[in-house]
Amino acid sequence: MQESDFFNGYKAISNVWDEMYASNLAVRSPYERVIDYLALESVEDLNKKEELAQRLFMKQGITFTVYNSGEGIEKIFPFDIIPRIITSAEWDFVEKGIKQRLTALNLFLKDIYHNQFIVKDNIVPIDVIYSCPHFLREMYQVGVPYDIYVHIAGIDLIRDENGDFLVLEDNLRTPSGVSYMLENREITKRLFPDLLPSCGVRGVNEYPTLLYKNLQSLSPRQISNPTVVLLSPGIYNSAYFEHTTLARLMGVELVEGRDLVVNNQKVYMKTTIGLQQVDVIYRRVDDEFLDPLVFKPESILGVAGIMGAYRKGNVAIVNAIGNGVADDKAIYSYVPDMIRYYLNEEPILKNVPTYRLSNPDAREFVFANINKMVVKKTNESGGYGMLMGHAASEQEIERYKQEILKAPRNFIAQPTIALSTAPCYIQGKLQPRRIDLRPYALCGPSGIEIVPGGLTRVALKEGSLVVNSSQGGGSKDTWVLTPPSPKGEVTKI
Amino acid sequence: MPEFKIQHITRYTYDGPVRDSANQIILFPIVDIYQEVLKHDLSITGNPLVDTHIDYYGNEVGSFTLSEPHDQLVISSNVIVNTHHRPLPVDDIFPEHQWDALKDLKYTVPYIDFLRLDYFEGQDDLQGIVEAEKINHETPYQVALRFCEYVYRNFEYIKGVTTVETRIDEIWKLKAGVCQDFAHMLTEMLRMVGIPARYVSGYICPNRNGMRGEGATHAWAEAFIPNFGWLGLDPTNNCIANETHVRLAVGRNFSDCSPVKGVYKGPYGHHLNVSVSVGYKDDEPEPEVNLFVDKVVKPSTSPVTTSEPAKNSYQRYLEMIQQQQQQQQQQ
């Protein structure tokens, strides 16, 4: 095997799971074919491919927005050309784990907005629920179609040093990034056209079809062609590209709040031929902005009266209103208990150990070991408002501690996890970088479906542990392989 | 067993035609053994369909929309209510037992919501006062009455210095306000010593010698007294809210009970005019008097004013849109 330069000197980080190299520096079998293929390419060829990928992203406007960066707000999402590979056995495990978790989370949301059995049985303490700003009393006793609250989840998984998958966050409100999963695959098809079938990579492109099928099935009106819309906050939102992409791929109208109006507890879309009743809304607007009559009165992104239409069951809203209570990072720590409570099963996927800082003992422990901790706000996402203990200065830590002491309920801490690494093509060389995995699970009346794949985010800065796109992360195409056929040959598709 | 005829008119007038208004009303008197509704007529401009539901706190809430262009919206609620005197707490249980009973409620629904304190600047000062006022060996009932009197004596009743959005910080600094502010102050003090307290909106029906809060919707507080239940306390008049107080809604604070609120589209400002008149059985309601006139409020589509002088309102509008769109968490 002839090896190009780029392949030499790959320095896997010690005590970290590397997706490509086993500890004895042998290439793990799923990567063999890719590595063999890449080894035959020259550095120039690979550079060309990298350049092509960037040009394609730029030309197609596959961008996202970084806030508070001072410079031009729209950026392309950095893409690494080397795919991340997940074996079919690994995928089966992840898939089972996510299905189990999502089933429990949906049961939890139904319970918490109705009978609250889990609180009465002291599994989840009542004050954690009632102090959560996303526990919406407006949703109390409101029925939702098929008792599904989470229709789309973007559960973030990481792998620890043993290669075990752990759940970092559940993202049950408006998970984003699925358009990059789709676009990354399209780009990879152009970069390595022959590699995908020869490796037996499973397709992800049925995602929009599955999503559309689920959305349609939620229609309160029993009609053959219900009106489904995608409600976007607008062009300044970081995920606007995704909103347009999904609307286009599903063939539904992309609307903003001002395009909708509520009359007599029904939602209508303004069209050139008059009002058209809307049955299902896939919204990418936060709960508190959704209805200025019920939530934030100053919101100009929402639709006044939509909560009334939802309560009456005249419109389905995806994801349901009020999911934030299950997304709260303090409540996240109880998800394994929820699985045991509702399903009478042991959790397949483990949580990252989490210290709730409202507990004085936990707080003391965390403060004493802050260098080994990541402290997060319970109600933020996207990597905002975090403290990475190992990288922060004394003053930063002191300031953060003061903030914690003001409202300890709003913080949790987790030990810094050595995220797994995967090879990335950076400056003509393969280099290990930290990654995570976000599969997109769709929950509909006929069950939970997860397209085999997801978004692998990568911390492109050397040594960085933060993969969030808002914090300078990039992404990779994520390959889930078909199970090897009995002969050991890969099935062709 | 007094019977009251209450006429409550809410009138919004707009400077021009507005449309697509969505509104929420909490104007349905609570029905229980101390209060029965004999008749309730509701008439609204344009006769929209009013959909009602029961909210988290057990209040009946109505909502309706008015999509056609309109330049005024009048919500006229005419109620005949019959109230019954509720005997006062006997209060013959040892104080410690009563306080212990309250402690047990801290982590139970619904009391947890009526015990939660939100941090505000004057909290430490208030805590000091609350501690001083709470004399050992007094029962929760006695403490509640004392706090009610404290608010009545130490806060000045002045109309117009506060609005529905005034926060407890400001009330504390001003030491003045109207019934709503008094009620907020009292609920905060009661919660500080562990007595569950809720906000009540309703009407006060005076016994003809005049009481504060007539002519408009009224607000007071309720304290949870062991072995008794919710006791109405009116800090604006320093009295127990009993058969002269007609309850419309209960909640944590004003915004849970807001009698009328709405959102509309259009470039025009609005004026709000509320009148409440109360008559006894067989009497005609007293003539309508406008006792509460809201200042002109900018329509919801107008920009929030900022302190930056250089930007015109169009630029500020764009900025606001941008900020709100960016705030949407895409996880």
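General observations
- Selected residue (criterion: farthest from B:Ser201 (Cα to Cα)) from residues of the range B:1-50 that are among the charged types (D, E, K, R) and more than 14 Å from chain A (Cβ to nearest Cβ): B:Asp15
- Residues of the range A:460-478 classified as under 17 Å from A:Glu186 (Cβ atoms) and in a loop (DSSP other than H, G, I, E, B), total: 0
- Of the residues in the range B:111-121, at least one is exposed (fewer than 15 other Cβ atoms within 10 Å of the Cβ) and within 10 Å of chain A (Cβ to nearest Cβ).
- Where helices (runs of 4 or more DSSP H) fall wholly inside the range A:288-332, the ranges with 1 or more residues that are facing another protein chain (nearest Cβ under 9 Å) and either at pLDDT below 95 or more than 30 Å from A:Leu168 (Cβ to Cβ) (or both) are A:306-311, A:324-327.
- Output for the range B:140-151, where each listed residue is over 21 Å from the mean Cα position of the chain (by Cα) and surrounded by fewer than 18 Cβ atoms within 10 Å (Cβ to Cβ): B:Gln142, B:Arg146
Yes/no per residue for (1) under 13 Å from B:Ser77 (Cβ atoms); (2) of a type in the set (Val, Ile, Thr); (3) under 20 Å from the mean Cα position of the chain (by Cα):
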position	(1), (2), (3)
B:His8	yes, no, yes
B:Gly16	no, no, no
B:Asp41	yes, no, no
B:Ile44	yes, yes, no
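- Checking every residue in the range B:96-105 against the condition of being open to solvent by less than 60 Å² (accessible area, probe 1.4 Å), within 13 Å of chain A (Cβ to nearest Cβ) and among the polar types (S, T, N, Q) gives zero matches.
- Of the set (1) under 28 Å from A:Tyr332 (Cα atoms); (2) aliphatic (A, V, I, L, M); (3) assigned to a loop (DSSP other than H, G, I, E, B), all apply to A:Ile223 but (1).
- Number of the exception - A:Asp80 against (1) surrounded by fewer than 23 Cβ atoms within 10 Å (Cβ to Cβ); (2) part of a strand (DSSP E or B): (1)
Table: residues versus (1) modelled with pLDDT of 95 or more; (2) assigned to a helix (DSSP H, G or I); (3) surrounded by fewer than 20 Cβ atoms within 10 Å (Cβ to Cβ).
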{"site": "A:Val124", "(1), (2), (3)": "yes, no, no"}
{"site": "A:Asp127", "(1), (2), (3)": "no, yes, yes"}
{"site": "A:Tyr149", "(1), (2), (3)": "yes, no, no"}
{"site": "A:Glu161", "(1), (2), (3)": "no, no, yes"}
{"site": "A:Val167", "(1), (2), (3)": "yes, no, no"}
{"site": "A:Tyr180", "(1), (2), (3)": "no, yes, no"}
{"site": "A:Pro197", "(1), (2), (3)": "no, yes, yes"}
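- Residue check for B:Asn154: in contact (Cβ under 8 Å) with a residue 24 or more places away in the chain, open to solvent by 30 Å² or more (accessible area, probe 1.4 Å) and not basic (Lys, Arg): no
- Residue pairs whose Cβ atoms lie under 9 Å apart, sitting 6 or more positions apart in sequence or on different chains, and linking a residue in the range A:213-237 that is more than 15 Å from A:Ile281 (Cα to Cα) to a partner that is in a loop (DSSP other than H, G, I, E, B) and of a type in the set (Val, Ile, Thr), are A:Tyr236/A:Ile73; A:Asn237/A:Val285.
- The set of residues in the range A:225-269 being facing chain B (nearest Cβ under 10 Å) and open to solvent by 30 Å² or more (accessible area, probe 1.4 Å) consists of A:Ile235, A:Tyr236, A:Tyr240, A:Glu256, A:Arg258, A:Asn263, A:Asn264, A:Lys266, A:Tyr268.
- Residue in the range B:44-51 that is of a type in the set (S, T, N, Q) and surrounded by fewer than 20 Cβ atoms within 10 Å (Cβ to Cβ) present: yes
- The strands (runs of 3 or more DSSP E) found wholly in the range A:341-459 and carrying at least 3 residues that are open to solvent by less than 10 Å² (accessible area, probe 1.4 Å) and of a type outside the set (Asp, Glu) occupy A:411-415, A:421-426, A:440-444, A:456-459.
The values are calculated or read from the model by the stated rules, or taken from the named source; none is laboratory data. In this text the structure is predicted, and so the values were computed from the model without any measurement. In this analysis, Cβ positions are derived from the backbone assuming ideal geometry, glycine residues included, and neighbour counts consider all displayed protein chains. Side chains included, ligands, DNA and RNA excluded: accessible areas come from the protein's heavy atoms. Shrake-Rupley method; radii C 1.70, N 1.55, O 1.52, S 1.80 Å.
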